[in-house]
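The structure appears below as C-alpha cells.
All of the numbers you see were taken from the coordinates with simple rules; none came from a lab. All of these numbers come straight from a predicted model, not from anything done at the bench. Because the Cβ atoms are built from the backbone with ideal geometry, glycine has one as well, and the counts that use them run over all protein chains shown.
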Amino acid sequence: MADHPNQVDKTSYAAFWTNPVYYTDSDGKCPDCPEKATARDTHEWGGATFKYTGSEWASDFAERTVMPNIMNEIVGSTSAIIGSIYTAVGEVNYSKSMGTFLGNGSGGPKLYAIIKQSNGATGSKALAKSFSNSARIAGNTFTAISVGLTISDLRDDYILNEGNLSTGRYIQFGGDLGISGYGVIGGLPGAAINVGWELGRAYTTSKEYQESKRNVWLPYRQKKLGY
C-alpha cells in the first residue's frame, strides 16, 4: 500500500496519514497536498516530494523507480542494436567463419577468399582484418553495456517486488542475455536475430503495446487460463 519507504509503517488509513478525520485524500497519493495548485507545483510530505501534474499529485518515488527502468530499456536496446551493427560490420570486413575479407575490387568493394593473397587489386587483407577487429571491439563494448543494464533491470525489479518475481521474468532475463551473447558470437545471423529481438523488446515498452496487453491479452488470459 505504501508509495514511499517512509510510509511502510502506516495503517490501512495511510491515505489519510492515519488520521481520516483531519485529512481527506480520495486517491491516497498525498494526504496533505493543497487542493488548489498549478502544474509543476511541489509539496514536501513524509520524506517524499509530491508534484502536481496538472490534474493530480504524484510522488517522485514512482518517478525514481519507473523512469530509470524505462531509460534502461531504451539505452539497453539501443546499445544492443548498435553492438550488433558493429559486429556485423566486423564480420563482413573479415570473417573466419565465411573465409572472406572485404577488399577493393576494380568495380568497388568485393569479398575475397582469405586464402587469396592480397595485392594492389584486392586491397589489403591486413587492413580489412584490423578494421574488423576494431568493429568487433566496439560491438562487444556496446553489448556489454546492454547486458549490464539488463542485469540492473532485473535487480531493480527484484527489489521493488521484494524478491517475488515470476518465472516468466527470469525466462525473459535469460532470453535477453542469451540473444545478446549470440549477437556477439553468431556472426551475421546472430547480429540479425539480436536486432530483431531488441526491436521487439523496445516495442513492448510502447503505449500501444501496453494498452493492447491490458485490454486484450490480460482479459483473454484471465478467461481462458484463470489468472
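Results, tabulated for the structure shown:
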| item | result |
| --- | --- |
| FRET efficiency for residue 213 and residue 110, using Cβ-Cβ distance with R0 set to 45 Å, rounded to 0.05 | 0.40 |
| Full-extension gain in nm, residue 205 to residue 141, via 0.36 nm per residue minus C-alpha separation | 20.6 nm |
| Loop sites in region 145-226: GluC sites (Glu not before Pro), DSSP, at most 10 other Cβ within 10 Å | 162 |
| Cross-link partners of residue 110 among lysines (Cα-Cα below 23 Å; sequence separation of 8 or more within a chain) | 96, 125, 129 |
| Cβ crowding within 10 Å averaged over residues, with 74-87, 167-180 ranked highest first | 74-87, 167-180 |
